[in-house]
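*Asks:* Take this structure, written in structure tokens, and hold onto it; I'll ask about it next.
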Amino acid sequence: MSSAEFRAHGRQVVDWIADYLETIETRPVRAQVAPGDIAAQLPGHPPEQPEPFAAVLADLDRIVLPGITHWQHPRHFAYFPANSSGPAILGELLSAGLGVQGMLWITSPACTELETVVVDWLAELMDLPARFRSAGAGGGVIQDSASSANLVALLAALQRASAGAVTAGGIQRRHTVYVSSQTHSSMEKAARIAGVGADNVRVVGVDPVTQAMDPTHLRRLIEADVEAGALPTMVCATVGTTATTAIDPVGEIGPVCREFGIWLHVDAAYAGVAAICSELRWINDGVAGYADSYCTDPHKWLLTNFDCTAFWVADRAELTGALSVLPEYLRNQASESGTVLDYRDWQVPLGRRFRALKLWAVIRWYGAAGLRSHIRGHVGLAQEFASWVAADPRFEIVTPHPLSLVCFRPLWTELPVDAANQATMSLLEELNASGELFLTHCSMNGVVALRLAIGAPSTEHRHVEQAWRAIQAALPPT
Ligand SMILES: *Cc1c(COP(=O)(O)O)cnc(C)c1O
């Protein structure tokens, strides 16, 4: 592709994206296709001869778009949001344009140094403790996902608990990891990958109302494991659980970890960025006092398209001790001088994208003030939605909803629990099949509830109103 062709098609692509986002509201939120529909329209073999870029764009419209679930749609309320924004998309494009492979400082100094500065900025915006900043023994890095952050946190915890023995000898003792029943599944996956084993993941009970981890039960499980000769290695506390945004009491979990010398990782994938707003900073209570590592996803709620997980550690030596391997071909003076960070030692893969560009573009474009109003807007809409649900006697709110997720359900007063759950699931499918909105569900104490997660940058008051009217209208008349 010549420079002239690149300019022409580049403009077309930017226009295509702008048109897409301008008209997104006219599309059904959830893709309306059956399994295999998209693949059946694609050629079975790659082209032998070059094709014009216009042909790709034409097929994008004709074949790909019908199979897209529109995450940026203002009535996408499913899962957690996957924010995108103009500055993030442009930052992503610049990253692709530079085509940098940022594995070492020397392979592109700005890729490393901009990343260090931007994650320090984010730590400051969220008021995370000073020991997570790069000026001291700790520091932050951008990972591809919270799942990866949870894995590398566990690897660092194993490094600490074994005094470095795992790096050479592998797992020698029975290490145990503590999660709650609400912890994200990536933590069990991490335990499997790390060789800890799913059977050594202890599931701590939660408060039946708040769904937050019970620190008394945590202590009992740890004591029993110590008694049985295991080595309690990591506790994963969650700030904003995936099902209901429950907030584990880090301030009570922390002292237990400290007493037993256990690594405390805090997974705040979705909710953490809310701490940019001072009135929401309480979500991180206890983090400053006790957390050894912490992660949050700007790619969920902070206007930065996937992938962008910010991960911090208090002592980076424990992390790099677990992950640094130095083959001859990567040796260089800068690394050996000890004056630079090589982020390849902070993650599983060697290679890394220049992800800091998009986060930098986002923070500069919106400013701290813009980021705060983005978060506040969604929290405000969710609180208003919750007030409508609470005011309708046919529904109930099932968990606390301090952020932008509301879990609620139709009461189905005349139905037993199983039938009520089935009725809720049918209602959900009917709503989602309409294409008008997209919700997901969760199950707590055996009861199925609907989740409405507000977080698309384009979501306005009227979209939440439309969603509520659609939900009300889908209930059978009483
Ligand atoms: C979404 C989520 C994850 C996984 O996030 P990815 O970045 O998609 O891997 C992990 N933990 C929690 C609490 C989450 O909500």
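The values are calculated or read from the model by the stated rules, or taken from the named source; none is laboratory data. Remember, predicted model here, so these are calculated numbers, not experimental data. Cβ: placed from backbone, ideal geometry, glycine included. Neighbour counts: every protein chain shown. Heads up: the accessible areas ignore ligands, DNA and RNA and are worked out on the full protein's heavy atoms, side chains in. Shrake-Rupley method; radii C 1.70, N 1.55, O 1.52, S 1.80 Å.
Listed here are the residues, each with its yes/no results for (1) under 21 Å from Thr241 (Cα atoms); (2) more than 15 Å from the ligand (Cβ to nearest atom).
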| site | (1), (2) |
| --- | --- |
| Leu154 | yes, no |
| Thr167 | no, yes |
| Ile171 | no, yes |
| Ser185 | yes, no |
| Lys189 | yes, no |
| Ala194 | no, yes |
| Ala212 | yes, no |
| Thr216 | yes, yes |
| Ala224 | no, yes |
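*Asks:* Could you say whether any residue in segment 198-211 is open to solvent by 20 Å² or more (accessible area, probe 1.4 Å), within 18 Å of Pro400 (Cβ to Cβ), touching a residue at least 12 places away in the same chain (Cβ under 8 Å) and not in a loop (DSSP other than H, G, I, E, B)?
*Replies:* Yes, some residue in segment 198-211 is open to solvent by 20 Å² or more (accessible area, probe 1.4 Å), within 18 Å of Pro400 (Cβ to Cβ), touching a residue at least 12 places away in the same chain (Cβ under 8 Å) and not in a loop (DSSP other than H, G, I, E, B).
*Asks:* List pairs: first in segment 287-313 and open to solvent by less than 10 Å² (accessible area, probe 1.4 Å), second of a type in the set (D, E, K, R) and in a helix (DSSP H, G or I), Cβ under 6 Å, 6+ apart or cross-chain?
*Replies:* Filtered contacts from segment 287-313: Thr304/Lys358.
*Asks:* Mind listing whichever residues of segment 86-98 are away from the ligand (no atom under 16 Å from the Cβ) and touching a Leu at 6+ places or on another chain (Cβ under 7 Å)? If you could, list the steps in order and put the result at the bottom.
*Replies:* In the first step, residues of segment 86-98 are kept if they are away from the ligand (no atom under 16 Å from the Cβ); the result is 86-87, 89-98.
Gly91, Leu94, Ser95, listed by residue number.
*Asks:* Let me ask another. Looking at Arg331, is it touching a strand residue (DSSP E or B) at 6+ places or on another chain (Cβ under 8 Å) and away from the ligand (no atom under 16 Å from the Cβ)?
*Replies:* Numbers: touching a strand residue (DSSP E or B) at 6+ places or on another chain (Cβ under 8 Å): no; away from the ligand (no atom under 16 Å from the Cβ): yes.
Against the criterion (touching a strand residue (DSSP E or B) at 6+ places or on another chain (Cβ under 8 Å) and away from the ligand (no atom under 16 Å from the Cβ)), Arg331 does not qualify.
*Asks:* Something else about it: Any idea which of Val250, Val204, Val235, Val239 is touching a helix residue (DSSP H, G or I) at 6+ places or on another chain (Cβ under 6 Å) and within 13 Å of the ligand (Cβ to nearest atom)? Walk me through how you get there before you give the answer.
*Replies:* Working: Val250 fails: within 13 Å of the ligand (Cβ to nearest atom); Val204 fails: within 13 Å of the ligand (Cβ to nearest atom); Val235 fails: within 13 Å of the ligand (Cβ to nearest atom).
The conditions single out Val239.
*Asks:* Something else about it: In segment 86-119, which residues are among the small types (Gly, Ala, Ser) and either open to solvent by less than 10 Å² (accessible area, probe 1.4 Å) or in a helix (DSSP H, G or I) (or both)? Quick ask: steps written out before the conclusion?
*Replies:* Kept after step one, since they are among the small types (Gly, Ala, Ser), are these residues of segment 86-119: 86, 88, 91, 95-97, 99, 102, 108, 110.
Scanning segment 86-119 gives Gly86, Ala88, Gly91, Ser95, Ala96, Gly97, Gly102, Ala110.
*Asks:* So which residues in segment 65-85 are over 15 Å from Asp307 (Cβ atoms), open to solvent by 40 Å² or more (accessible area, probe 1.4 Å) and within 15 Å of the ligand (Cβ to nearest atom)?
*Replies:* The one that is over 15 Å from Asp307 (Cβ atoms), open to solvent by 40 Å² or more (accessible area, probe 1.4 Å) and within 15 Å of the ligand (Cβ to nearest atom): Tyr79.
*Asks:* Filter segment 307-328 down to residues that are small (Gly, Ala, Ser) and away from the ligand (no atom under 16 Å from the Cβ) and give me whichever is nearest to Ala130 (Cα to Cα). Steps first, please.
*Replies:* So the first thing to find is which residues in segment 307-328 are small (Gly, Ala, Ser), and the list is 310, 314, 317, 321-322, 324.
Add one more test, that the residue is away from the ligand (no atom under 16 Å from the Cβ), and what stays is 314, 317, 321-322, 324.
Working: Ala314: 9, Ala317: 16, Gly321: 22, Ala322: 23, Ser324: 25 Å.
The selected residue is Ala314.
*Asks:* Do any residues in segment 261-275 that are within 10 Å of the ligand (Cβ to nearest atom) have Cβ atoms under 8 Å from those of residues that are basic (Lys, Arg), where the two are at least six apart or on different chains, and which pairs are they?
*Replies:* Going by the 8 Å Cβ cut-off, the qualifying pairs are Ala269/Lys300; Tyr270/Lys300.
*Asks:* Now, a different point. Under 7 Å between Cβ atoms, at least 6 apart or on separate chains: pull out the pairs that start in segment 158-185 with a residue that is open to solvent by 50 Å² or more (accessible area, probe 1.4 Å) and end on any residue that is more than 16 Å from the ligand (Cβ to nearest atom) and of a type in the set (Phe, Trp, Tyr).
*Replies:* Going by the 7 Å Cβ cut-off, the qualifying pairs are Arg160/Trp263.
*Asks:* Does segment 4-40 hold any residues that are open to solvent by 80 Å² or more (accessible area, probe 1.4 Å) and either over 25 Å from Ala78 (Cβ atoms) or modelled with pLDDT of 95 or more (or both), and which are they? Before you say what the answer is, go through the steps one by one.
*Replies:* First, pick out the residues of segment 4-40 that are open to solvent by 80 Å² or more (accessible area, probe 1.4 Å): 5-7, 11-12, 15, 19, 22, 26, 32, 35, 40.
Glu5, Phe6, Arg7, Arg11, Gln12, Asp15, Asp19, Glu22, Thr26, Pro35, Ala40, listed by residue number.
*Asks:* Would you call Asp292 out of contact with any Phe, Trp or Tyr (no Cβ under 6 Å at 6 or more places or on another chain), at pLDDT 95 or above and not hydroxyl-bearing (Ser, Thr, Tyr)?
*Replies:* Details: out of contact with any Phe, Trp or Tyr (no Cβ under 6 Å at 6 or more places or on another chain): no; at pLDDT 95 or above: yes; not hydroxyl-bearing (Ser, Thr, Tyr): yes.
When the stated conditions are applied, Asp292 does not pass them.
*Asks:* Has segment 289-300 got any residue that is more than 15 Å from the ligand (Cβ to nearest atom) and more than 17 Å from Ala153 (Cα to Cα)?
*Replies:* First, pick out the residues of segment 289-300 that are more than 15 Å from the ligand (Cβ to nearest atom): 289-290, 292.
After this cut, where a residue has to be more than 17 Å from Ala153 (Cα to Cα) as well, the list is 289.
Yes, because at least one residue in segment 289-300 is more than 15 Å from the ligand (Cβ to nearest atom) and more than 17 Å from Ala153 (Cα to Cα).
*Asks:* Something else now. Inside segment 445-478, can you point out the residues that are over 28 Å from Leu302 (Cβ atoms), within 27 Å of the chain's Cα centre (by Cα) and either surrounded by 23 or more Cβ atoms within 10 Å (Cβ to Cβ) or without any contact (Cβ under 8 Å) to a residue 60 or more places away in the chain (or both)?
*Replies:* Gly446, Val447, Val448
*Asks:* Does Ile397 qualify as being open to solvent by 20 Å² or more (accessible area, probe 1.4 Å) and closer than 26 Å to Asp207 by Cβ? Walk me through it before giving the result.
*Replies:* Values: open to solvent by 20 Å² or more (accessible area, probe 1.4 Å): yes; closer than 26 Å to Asp207 by Cβ: yes.
Yes, satisfied.
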